[in-house]
Amino acid sequence: MKLAVLFGGRSTEHAVSCVSAYCIISNLDKEKYDIEMIGITQDGHWLPYHGNPEKLKDGTWEEEACTENHFTRPAQSTCCLDAGLRVLQSCEAVLPVLHGLNGEDGTVQGLLELLNVPYVGCNVFASAAGMDKVYAKVLFADAGIPQCKHIVAYRKTILQDAAAYDTQVAEKLGYPCFVKPSNSGSSVGVRKAKTPQELHEALVDAARYDRKILIEEFVDGREIECAVLGLDDAEAAVPGEIVPSKEFYDYEDKYQSGSSYSVIPAEIPQEALTKIQAYALKAFAAIDGTGLSRVDFFYKKDGTILLNEINTLPGFTDISMYSKLWKNCGLSYSALLDRLIDLAFKRKEEHERCCHE
Ligand SMILES: Nc1ncnc2c1ncn2[C@@H]1O[C@H](COP(=O)(O)OP(=O)(O)O)[C@@H](O)[C@H]1O
Ligand SMILES: [Mg+2]
């Protein structure tokens with residue numbers, strides 16, 4: 001099968017995506033798949049790449065891909081997709097290994113729908129809903145899934161007066177609180193604020209990344225993650241715990257320092273594990289998810305479970321939780337990828353059935 005792997009992208013998670021793609025390519029069964037790599041540069045150019053996948057790890061693929069495609073900067077157009085699209089159209093399926101904006105948010109999924117090619121993961125709506133933390137919360141609340149208290153703040157208001165939300169925060173959330181851009185990932189723009197001064201700084205910083213900002217109450221809890229796989233009959237793996245090495249699980253801790261660690265299965269009561277699996281499936285259904293998602297929770301000392309967020313294209317590096325959670329359930333990384341690709345075809349079949357009935 002000719003399979004396109006899309007990686008890189010314009011988001012703040014560009015580098016993570018390249019490492020995820022490298023790990024996926026290493027684990028794909030080469031007997032089954034003829035892999036076509038398409039790298040998306042940080043400035044949005046799509047470059048087919050036939051070099052060594054190892055070069056995805058340190059970013060050196062890009063220079064080689066530019067040469068391969070006779071691509072020179074300054075670019076002829078702001079965003080050149082042509083060469084990439086031609087390759088995509090020649091493939092039987094696509095694995096978009098893209099995190100964050102312009103990849104995990106429904107934009108690329110929309111393009112793949114238009115190209116009429118099966119692709120791994122969530123559809124346009126689920127990707128967009130899962131990416132936008134503010135709107136995901138609306139759907140989760142409607143599904144009756146417990147979450148922490150929050151306030152929505154807007155860039156325009158913040159830039160006029162960073163103290164505009166002080167009263168609401170003091171009355172509804174208290175300190176410390178968490179500030180995060182609504183559309184973000186890998187903890188980029190996420191800050192813990194212990195004072196109004198820190199809140200103001202965090203809001204201004206988060207406003208660099210998004211128009212809508214979430215301010216949440218601080219949850220003193222363990223971080224439990226649950227992997228979901230499937231379509232309407234999706235299954236949830238036994239959850240695992242992430243133990244951050246720092247005050248919270250920030251970008252450096254996720255990908256650089258290597259000092260945070262995971263415990264699989266999470267060492268919490270069986271009853272809590274089962275509840276988390278049920279909530280994870282509910283959250284997946286709430287955004288109308290298909291294929292895969294990793295659903296993240298907080299587990300408090302008193303046993304309270306709160307949903308934190310859903311990731312429709314979770315990290316796939318070799319230290320990433322998603323594949324490790326399935327491995328623990330007896331599904332190897334390679335078998336997991338086979339399953340995801342198979343689901344891409346099943347979803348397309350179902351979609352076509354609705355369109356033609
Ligand atoms: N309300 C909160 N209370 C305590 N810690 C939080 C809260 N929100 C986020 N965090 C910490 O920040 C990290 C990143 O936040 P998260 O919402 O998961 O954003 P991202 O999409 O960037 O992963 C979490 O893994 C957790 O460590
Ligand atoms: Mg997270």
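The values are calculated or read from the model by the stated rules, or taken from the named source; none is laboratory data. None of these values were measured; they are calculated from a predicted model. Neighbour counts run over all protein chains shown; Cβ positions are idealised from the backbone, glycine included.
Which of the following residues is farther than 25 Å from Leu340 by Cβ, at pLDDT 95 or above and either touching a helix residue (DSSP H, G or I) at 6+ places or on another chain (Cβ under 8 Å) or not hydrophobic (A, V, I, L, M, F, W, C) (or both): Ala93, Ala153, Ala136, Ala143? Even if it seems obvious, please write down each step before you answer.
Details: Ala93 fails: farther than 25 Å from Leu340 by Cβ; Ala136 fails: farther than 25 Å from Leu340 by Cβ; Ala143 fails: farther than 25 Å from Leu340 by Cβ.
Only one candidate qualifies: Ala153.
Go through region 273-316 and give me each residue that's in a loop (DSSP other than H, G, I, E, B) and either within 14 Å of ligand 1 (Cβ to nearest atom) or touching a helix residue (DSSP H, G or I) at 6+ places or on another chain (Cβ under 7 Å) (or both). Matches in region 273-316: Ile287, Asp288, Gly289, Thr290, Lys301, Gly303, Thr304, Thr312, Leu313, Pro314, Gly315, Phe316. Spot the failing condition for Asp233; the list is (1) over 21 Å from Met321 (Cα atoms); (2) surrounded by 18 or more Cβ atoms within 10 Å (Cβ to Cβ); (3) modelled with pLDDT of 95 or more; (4) not basic (Lys, Arg), and only one is missed. Asp233 satisfies all of (1) over 21 Å from Met321 (Cα atoms); (2) surrounded by 18 or more Cβ atoms within 10 Å (Cβ to Cβ); (3) modelled with pLDDT of 95 or more; (4) not basic (Lys, Arg) except (2).
Within region 171-188, restricting attention to residues that are within 16 Å of ligand 2 (Cβ to nearest atom) and of a type in the set (A, V, I, L, M, F, W, C), the residue that is surrounded by the most Cβ atoms within 10 Å (Cβ to Cβ) is Val179.
Each row is one residue, and each column tells you yes or no for (1) surrounded by fewer than 23 Cβ atoms within 10 Å (Cβ to Cβ); (2) of a type in the set (Ser, Thr, Tyr); (3) without any contact (Cβ under 8 Å) to a residue 24 or more places away in the chain.
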| position | (1), (2), (3) |
| --- | --- |
| Ala227 | no, no, no |
| Glu247 | yes, no, no |
| Glu271 | yes, no, yes |
| Lys282 | yes, no, no |
| Lys300 | yes, no, no |
| Glu309 | yes, no, no |
| Leu313 | no, no, no |
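Could you please let me know if Ile341 is buried (at least 20 other Cβ atoms within 10 Å of the Cβ), touching a residue at least 40 places away in the same chain (Cβ under 8 Å), within 16 Å of ligand 1 (Cβ to nearest atom) and within 20 Å of the chain's Cα centre (by Cα)? Criteria not met by Ile341.
Summed over region 64-84, residues that are surrounded by 15 or more Cβ atoms within 10 Å (Cβ to Cβ) and either free of Cβ contacts under 8 Å to residues at least 12 places away in the same chain or not polar (S, T, N, Q) (or both) total 9.
Within 16 Å of ligand 1 (Cβ to nearest atom), in contact (Cβ under 8 Å) with a residue 24 or more places away in the chain, of a type in the set (A, V, I, L, M) and not in a strand (DSSP E or B): does that describe Ala266? Talk me through it step by step, then tell me what you get.
Values: within 16 Å of ligand 1 (Cβ to nearest atom): yes; in contact (Cβ under 8 Å) with a residue 24 or more places away in the chain: yes; of a type in the set (A, V, I, L, M): yes; not in a strand (DSSP E or B): yes.
Against the criterion (within 16 Å of ligand 1 (Cβ to nearest atom), in contact (Cβ under 8 Å) with a residue 24 or more places away in the chain, of a type in the set (A, V, I, L, M) and not in a strand (DSSP E or B)), Ala266 qualifies.
Can you pull out the helices (runs of 4 or more DSSP H) entirely within region 123-205 that have at least 1 residues that are of a type in the set (S, T, N, Q) and farther than 24 Å from Pro314 by Cα? I'd like the intermediate steps shown before the answer.
On the way: elements: 124-131, 133-142, 155-160.
Once the helices (runs of 4 or more DSSP H) in region 123-205 are filtered for at least 1 residues that are of a type in the set (S, T, N, Q) and farther than 24 Å from Pro314 by Cα, what remains is 155-160.
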